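Only one structure is covered here, and it is reproduced in the block below.
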Amino acid sequence: MPDISHEIMKGTTTVGLIFDRGVVLATEMRATMGNMIASKRAKKIYQITPRIGLTTAGGVGDAQQLVRIMQVECNLFEMRRGKTMSVGAASTLLSNYLNQNRYYPYYVQLLMGGFDDEGPSIYSVDALGGATREEEIVATGSGSPFAYGVLEDQYRSDMKEDEAKDLAVRAIRSAMRRDSASGEGIMVVVITKEKYEEHILSGLHEPSVARTAA
């Protein structure tokens, strides 16, 4: 089986952290093909259910296919059971699917975060189907070492929403300054019991666009 550890880690920076009432997910928006910047508006956070988001790092086609699969499976679950899937259950489903395809793996590193009856949670899911619940902070991609430097130094478990969002943005910007594969704009998603809210920021300024999902 080919060594994919290097492949799934290159070309992006994604961050997830838990605050007192929910979860913040953040990514930059640069997509690269080797040394070429292929896109400056790449979407790397997808809404899976009304209160679950998924960040993607790795192959764009693989990630988008997994997003479509998870959206369909979660919708079917809700139709059959009359309730939405929990973050843990969705992460387990995703990890099982990846593990079943481990001999022809999807080149991805994913973060699934959201809010359910047990509160906020984030899971890191790798290309071979390993799923790990992250209790506080997590970062993936080529810029993750730089993002971790900010997160480890400044994270607190009692952070409020605005503090958590600001920390996630600062972690992404730190990666953008030193990692050539991370850059352009920043996408931030805040998930609480009441909302799924997206923000699009420029590389240097405050949020320019915000969208709240029901």
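Every number in this text was worked out from the coordinates using simple rules, so none of it is lab data. Source: prediction; values computed, not measured. Methodologically, a virtual Cβ is constructed for each residue, glycine included, from the backbone with ideal geometry; neighbour enumeration extends over all protein chains shown.
When the chain is treated as a GNM, springs tying every alpha-carbon pair under 10 Å, which of E136, E118, E73 comes out with the largest mean-square fluctuation?
Comparing E136, E118, E73 in a Gaussian network model of the chain, the most mobile one is E118.
Distance from the Cα centre of the range 134-184 to that of the range 37-111, in angstrom?
22
Using 0.36 nm times the number of residues separating S202 and R170, minus their current alpha carbon distance, what extension gain do you get?
Going from the current span to full extension adds 10.3 nm.
Given R₀ = 30 Å, FRET efficiency for R156-D117 by Cβ-Cβ distance, to 0.05? All intermediate terms of the calculation are to be shown ahead of the outcome.
Details: r = 25 Å, r/R0 = 0.83.
The pair R156/D117 has a calculated efficiency of 0.75.
By how many nm would the segment from V72 to K193 grow when fully extended, if each residue of separation counts as 0.36 nm and the alpha-carbon distance is taken off?
Working it through step by step, the gained length comes to 41.3 nm.
Which one, G185, G82, G130, has the greatest fluctuation when you compute a Gaussian network model over the chain with C-alpha springs under 10 angstrom?
G82
Determine, for V15, V60, the number of other Cβ atoms within 10 Å of each Cβ, and report the residues in order from fewest to most. It would help to have the intermediate numbers written out before the result.
Details: V15 32, V60 19.
Arranged by neighbour count, lowest to highest, V15, V60 become V60, V15.
Would you mind checking the pairs K40/K165; K165/K195; K83/K195; K40/K195; K44/K193; K160/K195 and listing those with alpha carbons more than 25 angstrom apart?
Correct reply: K40/K195.
Grab the DSSP H runs of the chain that are 4 residues or longer, score each as -39,500 (n - 2.57), total them, divide by all residues and round the 222 nm result to the nearest 500 deg cm²/dmol.
The per-residue figure over the chain is -10000 deg cm²/dmol.
Kirkwood Rh over Cα pairs of the range 8-73 into Stokes-Einstein at 10 °C, 1.306 mPa s: D in µm²/s?
123
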